[in-house]
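Worksheet: one structure, shown below.
The values are calculated or read from the model by the stated rules, or taken from the named source; none is laboratory data. Bear in mind the structure is a predicted one, so any value in this text is a computation, not a measurement. Here the Cβ positions follow ideal geometry from the backbone for every residue, glycine too, while neighbour counts run over all protein chains shown. Only protein heavy atoms, including side chains, enter the accessible area calculation; ligands, DNA and RNA are left aside. Shrake-Rupley method; radii C 1.70, N 1.55, O 1.52, S 1.80 Å.
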Amino acid sequence: MLDLQRLRALHAVSVHGTVGAAAVALGYTPSAVSQQIAKLERETRTVLLEREGRGVRLTAEAHQLVGTAQELLAIVERAETELEERRGVPAGRLTIAAFASAARGLIPAVLADLAVRHPALDARLTEIDPHLSVDLVAKGAVDLAVVHDWDIAPLPVPPGVEQAVIGDDRSTLLVPEGHHFAGRESVRREELGGERWVCQPPGRVCHDWLVRTLRTAGHEPDIAHQADENPTLVALVAAGLGVCLVPRLGRGPLPAGVVEVHLDPAPVRRLYALWRKGAARRPAIAETVRTLQEQWPKIAAHPSR
């Protein structure tokens, strides 16, 4: 008989792409995941993973087994949901994926609140880019995701995934002290031409939003420096190397030498909670979504702490 935990390990490698990433998602060590799959190979007398460079590749037989594993895991999830629903109390493990600034600025307060009010709930966080976490929810690799999109760059949600609005996160323009915008209360988008920018790399939502917005206003952006993390962007502005647009959530206090200026109209990204269709019956999902929505106004009122 096939072992469900070993199937879960194979499914995680399929979803996350590597043994290491699967281990992080499952809360195991890479060695433990490799051992589970090795045992599954012995049980099925089938090669499931093949070396490919520094990584691994699933064989055709493994892909077939992953499809079966996904069906079985969905059945188990439904059974667990029904049991939890009957008890009416949030309980068991809940895996949450969130993008970086939400993981820093919002999720800690939510997890702390849940831990106090629902000690039987084991909520666990993984920091993941929004575009990736949507797929992980759809495939059943995580239970709930906190994602965002922008007014001109909506995030597509696949069939079978439901969503709820958490709130709106406004971005502001950060400029070096002494910059010609530094003494102004607000700046219009049409005035942004000719600036040197620091922003996230191409493919990230914030980068794409900036490029589209400036081109819509008739400006070709001069992106001088690129970095993934918002604190790095702020540090580059503090050094006088450019200006940037940064959402307020999870930004932290501004260092000396950086001035915040409002942009008119203000760029807004909307935060959502995503989960698989029907999973809202599970009290853990419903309570976590409610807590996210309840905590958001408190965070939004003091986003830079």
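Criterion applied to Pro108, Pro119, Pro130 was being in contact with a Phe, Trp or Tyr (Cβ under 7 Å, 6 or more places away or on another chain) and not hydrophobic (A, V, I, L, M, F, W, C), and the one residue passing it is Pro130. The criterion of being acidic (Asp, Glu), modelled with pLDDT of 95 or more and more than 15 Å from the chain's Cα centre (by Cα) does not hold for Asp122. Of the candidates Gly203, Gly183, the single residue that is closer than 30 Å to Val161 by Cα, in a loop (DSSP other than H, G, I, E, B) and free of Cβ contacts under 8 Å to residues at least 12 places away in the same chain is Gly203. Of all residues in the stretch 58-72, those satisfying the criterion of being under 30 Å from Leu121 (Cβ atoms) and open to solvent by less than 30 Å² (accessible area, probe 1.4 Å) are Val66, Ala69. If you take the residues of the stretch 260-278 that are of a type in the set (A, V, I, L, M, F, W, C) and within 19 Å of the chain's Cα centre (by Cα), which of them is surrounded by the fewest Cβ atoms within 10 Å (Cβ to Cβ)? Checked the stretch 260-278; the qualifying residue surrounded by the fewest Cβ atoms within 10 Å (Cβ to Cβ) is Val268.
Scanning the stretch 229-250 for residues that are open to solvent by less than 30 Å² (accessible area, probe 1.4 Å) and small (Gly, Ala, Ser), we see that the one that is nearest to Glu177 (Cα to Cα) is Gly242.
Table: residues versus (1) under 25 Å from Ala123 (Cα atoms); (2) free of Cβ contacts under 8 Å to residues at least 40 places away in the same chain.
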position	(1), (2)
Leu26	yes, yes
Glu50	no, yes
Phe99	yes, no
Leu111	yes, yes
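Scan the stretch 44-57 and give yes if some residue there is assigned to a helix (DSSP H, G or I) and either hydrophobic (A, V, I, L, M, F, W, C) or surrounded by 19 or more Cβ atoms within 10 Å (Cβ to Cβ) (or both), otherwise no.
Within the stretch 44-57, none of the residues are assigned to a helix (DSSP H, G or I) and either hydrophobic (A, V, I, L, M, F, W, C) or surrounded by 19 or more Cβ atoms within 10 Å (Cβ to Cβ) (or both).
Cβ-Cβ distances below 8 Å connect the following pairs, each with a first residue in the stretch 151-170 that is within 30 Å of His262 (Cα to Cα), a second residue that is loosely packed, with under 12 Cβ neighbours inside 10 Å, and a separation of six or more residues or different chains: Ile152/Thr216; Gly167/Pro297. Do you know which residues across the stretch 271-305 are of a type in the set (A, V, I, L, M), farther than 18 Å from Arg117 by Cα, touching a residue at least 12 places away in the same chain (Cβ under 8 Å) and in a helix (DSSP H, G or I)? Ala279, Ala280, Ile299, Ala300, listed by residue number.
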